[in-house]
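**Q** Shown below is the structure under consideration.
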Amino acid sequence: PGQQLPHDPEKKTIVILGSGWGATSLLKTLDTTDYNVVVISPKNYFLFTPLLPSVAVGTLSPKSILQPTRYLTRHKKRAVTVIEAEAKEVDPINKTVTFEDDSEIKGAVSHTTIPYDYCVYAVGAEVQTFGIPGVQEKACFMKELTDAESMQRRFKDCIETAAFPGQNPSEIDRLLHIVVVGGGPTGVEVSEIHDFLEDDLKSWYPELAGRVRISLVEALPSVLPMFSKQLIDYTESTFKESKIDVLTKTMVKEVKDGSVILQMPDKSITEVPCGMVVWAGGNKGRKITQDLMANFPEVQNNKRGLTVDDHLRMAGADGIFAIGDCTSTSYAPTAQVASQQGAYLARVFAQLAKKGNLEKRLISLSQTISTASGEEKAQIANDIESAKSQISKVKIRPFHYSHQGSLAYIGSDKAIADLPFANGNIASGGVATYLFWRSAYLSTLFSLRNRVLVANDWIITKIFGR
Ligand code: FAD
Ligand code: NAD
């Protein structure tokens with residue numbers, strides 16, 4: 001009873017954990033002919049994270065950047081089982097995954113364990129809060145769709161509350177002060193909220209628009225350390241023009257109701273009133289990842305995530321491949337890396353299937369040769385040699401990352417791009433780069449459906465506002 005796994009005992013089972021960049025890229029090109037494939041993720045969709053801040057600001061609607069996982073798997077040669085559940089434990093010794101339905105509505109069965117031959121571990125990371133008081137409870141994040149929706153709701157609420165009759169001026173200034181923490185790409189892109197002020201708020205709330213302040217707080221000496229110096233300067237000067245205060249060498253120490261506590265560059269502590277805090281302080285490994293690593297303390301001791309070899313196999317474990325933000329590699333935790341790793345694994349599984357089929361043929365030939373006679377025997381011996389030679393030719397190359405460049409939207413219809421070119425880099429910023437940013441993201445969206453929806457939202461926003 002219940003959902004049947006498309007299980008063929010003759011075939012190996014791949015259990016894919018996650019439905020993000022890594023997992024979706026793998027699923028897109030994976031040939032399922034030779035495998036039982038099971039996808040387990042608490043979200044039954046793929047989220048196009050680069051456009052998440054645009055949802056928070058109201059430029060895009062949530063469904064435009066989602067792609068249901070089944071939308072992709074329904075076209076596969078063999079049925080893929082998609083299970084909306086959270087993996088709770090990967091047992092690398094017995095090669096099983098235990099998962100649970102953590103959603104609001106639960107049935108009589110909501111917890112089970114299944115075996116795997118291969119596990120693709122692509123659960124991503126969670127938001128790093130460093131245990132700073134108040135961050136988890138009081139700040140908005142920018143990681144999941146629900147984060148973008150809650151940021152939008154809170155921002156609108158701050159404005160409506162500031163517009164409440166009789167609100168005193170200092171309270172209005174507090175409510176209209178937005179503090180974004182983290183000058184990495186996420187924090188910088190959240191500053192897209194400035195577009196909402198310029199394009200919409202000025203006409204909807206003319207008496208309040210001029211009083212909105214955005215502060216971007218970064219502990220390091222500059223924002224966007226991964227971009228070239230020229231683009232960092234460009235971003236900082238664009239923010240200055242947009243009246244976004246960039247506070248570098250400044251560290252958030254606590255988030256309170258209605259304020260943030262900052263440690264300033266001179267180490268003094270100051271309390272800054274604000275209506276809303278958006279936290280973009282980076283990534284940390286999920287608990288399930290830490291638990292999995294604890295099985296192999298000698299080889300899995302990097303706090304940033306799972307250690308993998310150059311074929312993306314988890315060090316110490318048999319049959320686990322790990323990709324994306326849950327790993328610690330020399331690459332940055334980006335969608336670009338995760339999606340290339342997913343596509344690489346699809347090729348690895350194709351090679352493994354080819355090898356497996358040849359090995360099966362070799363076994364069957366070896367079994368028949370003993371009972372064969374004369375001429376037939378010679379033919380089978382030939383076939384055995386040919387199968388052996390084909391097996392030896394199945395080579396699985398190590399993963400190679402090809403960097404396509406870094407892009408970020410910095411608001412005011414401007415974007416920045418660091419693009420590799422010949423042996424150097426092209427750094428560009430401005431409105432033309434923004435058009436490039438738009439076309440690059442439009443073409444990167446996984447389906448025509450999403451491309452049409454996103455393009456449509458951009459047009460609707462241009463005409464009717466947010
Ligand atoms: P994710 O895409 O996070 O996917 C993880 C998946 O695992 C999710 O489906 C999740 O639901 C699932 N999961 C979680 N826990 C479990 C569990 N216990 N069991 C099973 N499944 C689980 N990168 C770029 O290269 N360019 C960009 O422009 C860019 N913009 C970004 C903008 C924002 C706002 C953010 C937050 C990130 C951005 N990134 C960008 C980074 C990029 O999103 C990540 O590097 C990428 O998502 C990593 O892919 P992943 O598959 O490892 O993890
Ligand atoms: P990040 O780790 O790149 O940046 C987090 C920033 O927060 C750091 O600079 C850190 O110094 C700062 N910070 C942490 N705690 C702080 C505190 N208490 N006070 C002040 N500052 C503090 O994280 P991210 O921006 O979320 O990016 C995560 C990954 O996703 C990166 O690899 C990034 O490249 C990728 N990403 C890429 C894009 C893009 O390419 N457009 C967009 C978003 C994310």
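The values are calculated or read from the model by the stated rules, or taken from the named source; none is laboratory data. It should be emphasised that the depicted structure is a prediction, and the values quoted were computed from it without experimental measurement. Cβ: placed from backbone, ideal geometry, glycine included. Neighbour counts: every protein chain shown.
**Q** Looking at LYS354, LYS360, can you tell me which residue is touching a residue at least 24 places away in the same chain (Cβ under 8 Å), at negative phi and away from ligand 2 (no atom under 16 Å from the Cβ)?
**A** Details: LYS360 fails: touching a residue at least 24 places away in the same chain (Cβ under 8 Å).
Only one candidate passes the filter, namely LYS354.
**Q** Within segment 27-70, restricting attention to residues that are in contact with a strand residue (DSSP E or B) (Cβ under 9 Å, 6 or more places away or on another chain) and among the charged types (D, E, K, R), which residue is nearest to ligand 1 (Cβ to nearest atom)?
**A** It comes out as LYS43.
**Q** Can I ask one more? Working carefully through the options ALA353, ALA343, ALA338, find the one that is under 18 Å from TRP21 (Cβ atoms), in contact with a Lys or Arg (Cβ under 9 Å, 6 or more places away or on another chain) and in a helix (DSSP H, G or I). Don't jump to the end; show me each part of the working.
**A** Details: ALA353 fails: under 18 Å from TRP21 (Cβ atoms); ALA338 fails: in contact with a Lys or Arg (Cβ under 9 Å, 6 or more places away or on another chain).
Just a single option satisfies the conditions, and that option is ALA343.
**Q** Run SER150 past the list (1) assigned to a helix (DSSP H, G or I); (2) surrounded by 18 or more Cβ atoms within 10 Å (Cβ to Cβ) and report the number of the one that doesn't hold.
**A** With respect to (1) assigned to a helix (DSSP H, G or I); (2) surrounded by 18 or more Cβ atoms within 10 Å (Cβ to Cβ), SER150 is out only on (2).
**Q** Of all residues in segment 176-225 being closer than 25 Å to ALA427 by Cβ and polar (S, T, N, Q), which is surrounded by the fewest Cβ atoms within 10 Å (Cβ to Cβ)?
**A** Selected residue: SER222.
The rows are residues; the columns are (1) crowded, with 21+ Cβ neighbours inside 10 Å; (2) away from ligand 2 (no atom under 16 Å from the Cβ); (3) not hydroxyl-bearing (Ser, Thr, Tyr).
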{"position": "ARG286", "(1), (2), (3)": "no, no, yes"}
{"position": "ASP291", "(1), (2), (3)": "no, yes, yes"}
{"position": "ASN295", "(1), (2), (3)": "no, yes, yes"}
{"position": "THR307", "(1), (2), (3)": "no, yes, no"}
{"position": "ALA322", "(1), (2), (3)": "yes, yes, yes"}
{"position": "ASP325", "(1), (2), (3)": "yes, no, yes"}
{"position": "SER328", "(1), (2), (3)": "no, no, no"}
{"position": "VAL337", "(1), (2), (3)": "yes, no, yes"}
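**Q** Return the only residue of LYS138, LYS143 being within 11 Å of ligand 2 (Cβ to nearest atom) and modelled with pLDDT of 95 or more.
**A** On the way: LYS138 fails: within 11 Å of ligand 2 (Cβ to nearest atom).
None of the other options fit; the residue is LYS143.
**Q** While we're looking at this one, here's another question. Of ALA322, ALA338, ALA280, which residue is within 16 Å of ligand 1 (Cβ to nearest atom) and farther than 21 Å from VAL90 by Cβ? Outline the logic, then answer.
**A** Values: ALA322 fails: farther than 21 Å from VAL90 by Cβ; ALA338 fails: farther than 21 Å from VAL90 by Cβ.
Answer to the selection: ALA280.
**Q** Is it the case, given these coordinates, that THR59 is within 16 Å of ligand 2 (Cβ to nearest atom) and at pLDDT below 95?
**A** On the way: within 16 Å of ligand 2 (Cβ to nearest atom): yes; at pLDDT below 95: yes.
Considered against the rule, which asks whether it is within 16 Å of ligand 2 (Cβ to nearest atom) and at pLDDT below 95, THR59 comes out as yes.
**Q** For VAL246, indicate whether it is within 14 Å of ligand 2 (Cβ to nearest atom) and in contact with a helix residue (DSSP H, G or I) (Cβ under 6 Å, 6 or more places away or on another chain).
**A** Working: within 14 Å of ligand 2 (Cβ to nearest atom): yes; in contact with a helix residue (DSSP H, G or I) (Cβ under 6 Å, 6 or more places away or on another chain): yes.
Yes, satisfied.
**Q** Within segment 154-161, is even one residue free of Cβ contacts under 8 Å to residues at least 60 places away in the same chain and crowded, with 16+ Cβ neighbours inside 10 Å?
**A** To start, the set of residues in segment 154-161 that are free of Cβ contacts under 8 Å to residues at least 60 places away in the same chain comprises 156-157, 159-160.
Those left that are additionally crowded, with 16+ Cβ neighbours inside 10 Å: 159.
Checked against the condition, which is being free of Cβ contacts under 8 Å to residues at least 60 places away in the same chain and crowded, with 16+ Cβ neighbours inside 10 Å, segment 154-161 yields at least one hit.
**Q** Another question, then. May I ask you to list the residues in segment 341-375 that are within 16 Å of the chain's Cα centre (by Cα) and surrounded by fewer than 23 Cβ atoms within 10 Å (Cβ to Cβ)? Don't jump to the end; show me each part of the working.
**A** Taking segment 341-375 first, the residues within 16 Å of the chain's Cα centre (by Cα) are 341-343.
Within segment 341-375, ALA343 is the sole residue that qualifies.
Residues checked against (1) within 30 Å of SER242 (Cα to Cα); (2) within 16 Å of ligand 1 (Cβ to nearest atom); (3) among the aliphatic types (A, V, I, L, M):
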| position | (1), (2), (3) |
| --- | --- |
| GLU376 | no, no, no |
| ALA381 | no, no, yes |
| SER389 | no, no, no |
| ILE396 | no, no, yes |
| HIS403 | no, yes, no |
| LEU407 | yes, yes, yes |
| GLY411 | yes, yes, no |
| ALA415 | yes, yes, yes |
| PHE421 | no, no, no |
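**Q** Just wondering, is there one or more residues in segment 367-383 that are part of a strand (DSSP E or B) and hydrophobic (A, V, I, L, M, F, W, C)?
**A** Filtering segment 367-383 down to residues part of a strand (DSSP E or B) leaves none.
No: zero hits.
**Q** Still on this model: Can you run down the residue pairs with Cβ atoms below 7 Å, 6 or more apart or on separate chains, where the first is in segment 60-72 and charged (D, E, K, R) and the partner is buried (at least 20 other Cβ atoms within 10 Å of the Cβ)?
**A** From segment 60-72, the pairs are ARG70/VAL82.
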